[in-house]
Amino acid sequence: MRIAIYPGSFDPITNGHLDILKRALTIFDKVIVLVAVNPNKKSHFSDEERVAMIKEAVSEYQNIEVEAYSGLTVEFAKKHNATHLIRGLRAVTDFEYEFQLSSANEFIDPSIDTVFLMSKVENSFISSSSIFAMSESGVDVSKLVPESVIKRLKK
Ligand code: COA
């Protein structure tokens, strides 16, 4: 069974992330979404909320699991017998950060490789913080995030 990890902050998950996740399922038998827990990084939503929003959004998929984790991503991958990490690339500006991240992961454990999927053009401008900012200012973001996120943004 080919298993991949899709790591991120997902604060909150967006339709851009969901598109990458669903496309990853055409390559791997199972994808585990890793919600990174970083006590030093302030997040809009709690770890539990970020996990719950993703679980609700992917509830119809048997081959997607969602977990929160506070350690190294490659360590988590190894523990779950995953061979690859998935990351989405939106624009050239993402490249530098992603290159550094994948190089660090490769340094830690060269047996885990990273697969990059290009974002669809219609999702290329979406980011978690822009969703939050737009929503706070009253902009309708229902075309950009799943219902599980809309529900919590309204609160
Ligand atoms: N569609 C929409 N938005 C996307 C996207 C896509 N396809 N891909 C990335 N983004 C956006 C997110 O919305 C988010 O926006 P924001 O900056 O406004 O919040 C931003 O890009 C990045 O978020 P995300 O995709 O959730 O990932 P991240 O960069 O926060 O995740 C980790 C980084 C968690 C993967 C990485 O830090 C990690 O692995 N941490 C664990 C510790 C570790 O192993 N470190 C590596 C070795 S030092």
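Bear in mind these aren't lab numbers, they're just calculated from the coordinates by the rules spelled out. Predicted model only: the values in this text are computed from it and were never measured. When we count neighbours, we look across all protein chains shown, and the Cβ atoms used for this are built from the backbone with ideal geometry, even at glycine.
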Say the cut-off is 26 Å between C-alpha atoms; which of LYS55/LYS78; LYS79/LYS143; LYS78/LYS143 go over it?
LYS79/LYS143; LYS78/LYS143
Treating each Cα of the chain as an identical point scatterer and ignoring solvent, apply the Debye formula and state log10 I(q)/I(0) at q = 0.11, 0.15, 0.16 Å⁻¹.
-0.41, -0.78, -0.90
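Rank by packing, highest mean first: peptides 99-106, 146-153, with packing defined as the count of other Cβ atoms within 10 Å averaged across residues. Walk me through the numbers before you get to the answer.
Numbers: 99-106: 13.9, 146-153: 17.5.
Averaged packing, sorted descending, gives the order 146-153, 99-106.
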Give me the distance between the Cα centres of the stretch 70-123 and the stretch 7-23, rounded to whole Å.
13 Å
Length released on extending from GLU60 to LYS151, taking residue separation times 0.36 nm less the Cα-Cα span:
30.9 nm
I'd like the orientation of helix 15-24 relative to the chain: the angle between its Cα long axis and the longest Cα principal axis, in ° from 0 to 90, rounded to 10.
30 degrees
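What order do you get for 47-56, 7-16 when each peptide is scored by the mean count of other beta carbon atoms within 10 Å, highest first?
Details: 47-56: 19.4, 7-16: 22.3.
Descending mean neighbour count gives 7-16, 47-56.
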Among LEU153, GLY16, SER130 - extreme Cα towards positive end, dipole of the chain, charges at beta-carbon:
LEU153
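Just in the stretch 66-130: which trypsin sites (Lys or Arg not before Pro) are loop by DSSP and have at most 15 other Cβ atoms within 10 Å? Provide the component values of the computation, followed by the final result.
Numbers: sites: LYS78, LYS79, ARG87, ARG90, LYS120; in loops: ARG90, LYS120.
Sparse-neighbourhood loop trypsin sites (Lys or Arg not before Pro): LYS120.
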In deg cm²/dmol and to the nearest 500, what is the mean residue ellipticity at 222 nm of the chain if only DSSP H runs of at least 4 residues count, each as -39500 (n - 2.57), divided by the residue total?
-12000 deg cm²/dmol
Within the stretch 119-147, list the residues whose amide N lies under 17 Å from a label point set 7 Å along Cα→Cβ of LEU89.
119-125
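List the chymotrypsin sites (Phe, Trp or Tyr not before Pro) in the stretch 26-96 that DSSP assigns to loop (not H, G, I, E or B) and whose Cβ has at most 15 other Cβ atoms within 10 Å. Which are they? If you can, show how the numbers build up before the last one.
Details: sites: PHE28, PHE45, TYR61, TYR69, PHE76, PHE95; in loops: PHE28, PHE45, TYR61.
Here the chymotrypsin sites (Phe, Trp or Tyr not before Pro) that fit, given the DSSP loop and packing criteria, are TYR61.
Please state the charge dipole magnitude for the stretch 66-154, taken about the Cα centre, from unit charges on C-beta atoms (+1 on K and R, -1 on D and E), reported in debye and rounded to the nearest 20. Numbers along the way, then the final one.
Working: 9 positive and 12 negative charges, 74 e Å.
Here the stretch 66-154 has a charge dipole of around 360 debye.
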